[in-house]
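One structure is given below, encoded as structure tokens.
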Amino acid sequence: MPKWTNQTALVTGGARGIGAATCRMLAAHGAAVAVNYARRADAAQALVAEITAAGGRAIAVQADVADEPAVQAMAARTEAELGPITILVNNAGIGWAATIDTWEPKGFARLRAVNVDGTIHAIRAVVAGMRERRYGRIVNTSSIASFGTCGFAGNHFYASTKAEVNILTKRFALELGEHGITVNAVAPGLIRSDMTQGSRTPAEWETMRENFARNAMAGRVGEPEEIARAITFLAAPDSGFITAQVLAVDGGRKDYIGHGA
Ligand code: NAI
């Protein structure tokens, strides 16, 4: 496959999991990559070293996506060091386990600040340049929880933030389409990552993995690289006629009711 030319990508939450797999894949296609991290500079630097050793271009850029001035500064630094940002991947996200009874405003505010406001902040930081150059690829990270039809106990509020990401994806696509900018989202099913496997005991993960695998057409959970592939597809220069889409990458889980009797 020919390599892309003149592409610079900013990947939020790029130091691990789906974000790191995306950084590796975009770099392999020839994009210069800014690996955003909030706190783990060591993980981001290690990924930069790996990409550089493989012949790619990358830098690590710190910012909490909930902090708009920090995100603006991060985008400016990326453009100064790597060139105009042509690809934005809004991957940074957090979970929050709460029910109607355990909901409290501080936790919900932080969830929304990262998953929703963070997405808006990063788009606002890159959109003026993309408009001016009449080119851009924005890929947001949703979740199949956003569709509301499946999920598991305790992730209602997380699901609601991802539903907002879906709506904003479509509305921003409308606003930006005439400027040569596409806006899409990828909605992963259960993916093995620090967010899912890393936050559970091995026994808890095994139970969860089995439950989710049993209820997916593919009969398994997914790997970060499988989400990175979909993000990279939507970020590609020749994907310009695909916009306002929320692509589920879930092994058929959201459409699975079960095998008939
Ligand atoms: P992860 O927890 O391994 O990675 C998330 C990354 O975002 C981390 O590097 C983290 O440091 C970063 N991050 C968190 N808050 C941040 C902030 N305020 N500013 C900057 N960076 C921040 O999770 P994973 O699984 O790789 O998830 C990536 C995205 O995919 C998230 O948006 C998540 O909601 C979404 N997703 C994941 C699924 C899964 O099963 N793993 C399923 C559906 C959606």
Net charge near Gly189: determine it from the other residues with C-beta under 15 Å of the C-beta of Gly189, scoring Lys and Arg +1 and Asp and Glu -1.
-> +2
Which peptide among 10-16, 228-234 comes first, and what is the full order, when sorted by highest mean count of other Cβ atoms within 10 Å?
-> 10-16, 228-234
Carbon and sulfur atoms account, in whole percent of the 1.4 Å probe accessible area of the stretch 79-158, for 58 percent
Tell me what the chain gives for mean residue ellipticity at 222 nm when only DSSP H runs of n ≥ 4 count, each as -39,500 (n - 2.57), the sum divided by the residue total, rounded to 500 deg cm²/dmol.
-> -13500 deg cm²/dmol
Could the peptides 81-93, 36-48 be put in order, highest first, of the mean number of other beta-carbon atoms found within 10 Å of their residues?
-> 81-93, 36-48
The answer for the net charge of residues other than Val71 whose Cβ lies under 10 angstrom from its Cβ, with Lys and Arg +1 and Asp and Glu -1, is -3
With a Förster radius of 22 Å, plug the Cβ-Cβ distance of Lys170 and Ile100 into 1/(1 + (r/R0)^6) and report the FRET value to the nearest 0.05.
-> 0.20
For the stretch 147-261, with every protein chain kept in place, what is the accessible area per residue (1.4 Å probe, Å²)?
-> 53 Å²
For Thr207 and Gln72, what is the calculated FRET efficiency with R₀ set at 51 Å and r taken between the beta-carbons, to the nearest 0.05?
-> 0.75
Principal axis dimensions, the chain - Cα atoms, whole angstrom, descending | 55, 41, 38
With each pseudo-label sitting 7 Å past Cα toward Cβ, what's the Arg229-Ile242 distance in nm, one decimal?
-> 1.2 nm
Protection proxy ranking of 248-255, 101-108, 73-80, 183-190 - average other beta-carbon atoms within 10 Å, highest first | 183-190, 248-255, 73-80, 101-108
Once you've got the Cα coordinates, tell me which of Lys170/Lys254; Lys106/Lys162; Lys106/Lys170 are over 23 Å apart.
-> Lys106/Lys170
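The values are calculated or read from the model by the stated rules, or taken from the named source; none is laboratory data. For clarity, every value in this text was computed on a predicted model and none was experimentally measured. Note: ideal-geometry Cβ built from the backbone for every residue, glycine included; neighbour counts use all protein chains shown. Surface areas here come from the heavy atoms of the whole protein model, side chains and all, with no ligands, DNA or RNA. Shrake-Rupley method; radii C 1.70, N 1.55, O 1.52, S 1.80 Å.
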